[in-house]
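Colleague: Below: one structure in C-alpha coordinates.
The values are calculated or read from the model by the stated rules, or taken from the named source; none is laboratory data. Note that this is a predicted model, so its numbers are computed, not measured. Methodologically, a virtual Cβ is constructed for each residue, glycine included, from the backbone with ideal geometry; neighbour enumeration extends over all protein chains shown. Just the protein is used for accessible areas: all its heavy atoms, side chains included, with ligands, DNA and RNA removed. Shrake-Rupley method; radii C 1.70, N 1.55, O 1.52, S 1.80 Å.
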Amino acid sequence: VQLQACGGGWVQPGGSLRLSCAFSGFSGRLFSTYTMRWYRQAPGKEREWVASITSGPRRNYEDSVKGRFNSSRDNAKKTVTLQMNSLKPEDTAVYYCNAYSPWGQYWGQGTLVTVSS
(Lines give C-alpha, C1' and ligand atoms only; values in the text may rest on other atoms or scores of the structure.)
Protein backbone atom coordinates (compact mmCIF):
# COMPACT_ATOMS: atom_id res chain seq x y z
CA VAL A 1 0.00 0.00 0.00
CA GLN A 2 1.33 3.39 -0.94
CA LEU A 3 0.07 6.93 -0.72
CA GLN A 4 1.71 9.40 -3.06
CA ALA A 5 1.07 13.07 -2.39
CA CYS A 6 1.91 15.90 -4.74
CA GLY A 7 0.98 19.47 -5.57
CA GLY A 8 2.89 21.45 -2.98
CA GLY A 9 4.95 24.48 -3.79
CA TRP A 10 5.34 28.17 -3.17
CA VAL A 11 2.48 30.62 -3.45
CA GLN A 12 1.90 34.21 -2.41
CA PRO A 13 -0.64 35.04 0.29
CA GLY A 14 -4.14 34.93 -1.15
CA GLY A 15 -3.16 32.37 -3.74
CA SER A 16 -4.30 28.81 -4.30
CA LEU A 17 -2.78 25.37 -4.48
CA ARG A 18 -4.26 21.97 -5.12
CA LEU A 19 -2.83 18.94 -3.37
CA SER A 20 -3.48 15.43 -4.59
CA CYS A 21 -2.89 12.04 -3.04
CA ALA A 22 -2.97 8.78 -4.99
CA PHE A 23 -3.60 5.47 -3.24
CA SER A 24 -2.15 2.29 -4.67
CA GLY A 25 -2.10 -1.31 -3.58
CA PHE A 26 -5.79 -1.69 -2.88
CA SER A 27 -8.83 -1.84 -5.07
CA GLY A 28 -11.08 1.15 -5.52
CA ARG A 29 -13.78 -0.68 -3.62
CA LEU A 30 -11.51 -1.08 -0.59
CA PHE A 31 -10.24 2.49 -0.96
CA SER A 32 -13.82 3.70 -0.64
CA THR A 33 -14.04 2.24 2.85
CA TYR A 34 -11.21 4.45 4.12
CA THR A 35 -11.66 7.89 5.57
CA MET A 36 -9.10 10.11 3.89
CA ARG A 37 -7.50 12.78 6.02
CA TRP A 38 -5.09 15.63 5.53
CA TYR A 39 -2.65 16.70 8.21
CA ARG A 40 0.03 19.34 8.27
CA GLN A 41 3.12 20.06 10.27
CA ALA A 42 4.53 23.55 10.46
CA PRO A 43 8.17 24.16 11.39
CA GLY A 44 8.68 23.65 15.10
CA LYS A 45 5.10 22.51 15.67
CA GLU A 46 3.30 19.23 16.08
CA ARG A 47 1.41 17.60 13.25
CA GLU A 48 -2.22 18.71 13.20
CA TRP A 49 -5.33 17.47 11.49
CA VAL A 50 -6.65 19.70 8.68
CA ALA A 51 -9.49 17.94 6.87
CA SER A 52 -11.31 14.65 6.50
CA ILE A 53 -13.53 13.14 3.85
CA THR A 54 -15.43 9.90 4.17
CA SER A 55 -16.80 7.81 1.35
CA GLY A 56 -20.24 9.41 1.91
CA PRO A 57 -18.75 11.86 1.24
CA ARG A 58 -18.93 13.71 4.49
CA ARG A 59 -16.39 16.49 4.92
CA ASN A 60 -14.94 18.03 8.05
CA TYR A 61 -12.42 20.81 8.40
CA GLU A 62 -10.29 22.34 11.08
CA ASP A 63 -11.70 25.73 12.02
CA SER A 64 -8.86 27.81 10.59
CA VAL A 65 -9.33 26.40 7.08
CA LYS A 66 -13.12 26.30 6.90
CA GLY A 67 -14.39 28.21 3.90
CA ARG A 68 -10.94 28.21 2.31
CA PHE A 69 -10.08 24.54 1.84
CA ASN A 70 -12.18 21.93 0.08
CA SER A 71 -11.53 18.21 -0.06
CA SER A 72 -12.80 15.77 -2.64
CA ARG A 73 -12.23 12.17 -3.57
CA ASP A 74 -12.57 9.89 -6.56
CA ASN A 75 -13.00 6.32 -5.37
CA ALA A 76 -12.66 4.86 -8.86
CA LYS A 77 -9.32 6.58 -9.37
CA LYS A 78 -8.34 6.11 -5.72
CA THR A 79 -7.37 9.73 -5.32
CA VAL A 80 -8.12 12.48 -2.87
CA THR A 81 -7.54 16.19 -3.39
CA LEU A 82 -7.33 19.23 -1.18
CA GLN A 83 -8.09 22.53 -2.89
CA MET A 84 -6.58 25.33 -0.84
CA ASN A 85 -7.70 28.88 -1.53
CA SER A 86 -6.99 32.23 0.10
CA LEU A 87 -3.79 30.84 1.49
CA LYS A 88 -2.13 32.55 4.42
CA PRO A 89 1.46 32.49 5.67
CA GLU A 90 0.28 30.44 8.64
CA ASP A 91 -0.75 27.68 6.22
CA THR A 92 2.92 27.07 5.51
CA ALA A 93 3.66 23.47 6.44
CA VAL A 94 4.40 20.01 5.18
CA TYR A 95 1.05 18.46 4.26
CA TYR A 96 0.40 14.73 4.64
CA CYS A 97 -2.41 12.55 3.40
CA ASN A 98 -3.66 9.70 5.55
CA ALA A 99 -5.95 6.77 4.87
CA TYR A 100 -7.76 5.70 8.01
CA SER A 101 -9.92 2.68 8.83
CA PRO A 102 -10.68 1.02 12.18
CA TRP A 103 -8.26 -1.76 11.28
CA GLY A 104 -5.31 0.38 10.28
CA GLN A 105 -4.04 3.51 8.63
CA TYR A 106 -1.50 4.56 6.05
CA TRP A 107 0.49 7.73 5.62
CA GLY A 108 1.82 9.36 2.51
CA GLN A 109 5.07 11.24 2.33
CA GLY A 110 4.66 14.93 2.91
CA THR A 111 4.49 17.70 0.37
CA LEU A 112 5.72 21.17 1.29
CA VAL A 113 3.47 24.18 0.99
CA THR A 114 5.09 27.59 1.43
CA VAL A 115 2.98 30.74 1.57
CA SER A 116 5.01 33.92 1.53
CA SER A 117 5.49 37.14 -0.34
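Colleague: Anything in the range 20-44 that is farther than 19 Å from residue 70 by Cα and either open to solvent by 30 Å² or more (accessible area, probe 1.4 Å) or free of Cβ contacts under 8 Å to residues at least 60 places away in the same chain (or both)? List them, or say none.
Modeller: Within the range 20-44, 24, 25, 26, 27, 28, 29, 30, 33, 42, 43, 44 meet the criteria.
Colleague: Let me ask something else about it. Looking at (1) out of contact with any Gly (no Cβ under 9 Å at 6 or more places or on another chain); (2) among the small types (Gly, Ala, Ser); (3) open to solvent by 50 Å² or more (accessible area, probe 1.4 Å), find the lone condition where residue 71 falls short.
Modeller: Among (1) out of contact with any Gly (no Cβ under 9 Å at 6 or more places or on another chain); (2) among the small types (Gly, Ala, Ser); (3) open to solvent by 50 Å² or more (accessible area, probe 1.4 Å), residue 71 violates only (3).
Colleague: Oh, and also: Looking only at the range 27-57, which residues are basic (Lys, Arg) and at pLDDT 95 or above?
Modeller: Within the range 27-57, 37, 40, 45, 47 qualify.
Colleague: Identify the residue in the range 45-65 that is of a type in the set (A, V, I, L, M, F, W, C) and free of Cβ contacts under 8 Å to residues at least 40 places away in the same chain and, among all such residues, is farthest from residue 83 (Cα to Cα).
Modeller: 49
Colleague: Also, quick follow-up: Do the conditions hold for residue 87, that is, is it surrounded by 16 or more Cβ atoms within 10 Å (Cβ to Cβ), part of a strand (DSSP E or B) and in contact with a Gly (Cβ under 6 Å, 6 or more places away or on another chain)?
Modeller: No.
Colleague: Before we move on, is residue 15 touching a residue at least 60 places away in the same chain (Cβ under 8 Å) and farther than 19 Å from residue 4 by Cα?
Modeller: yes
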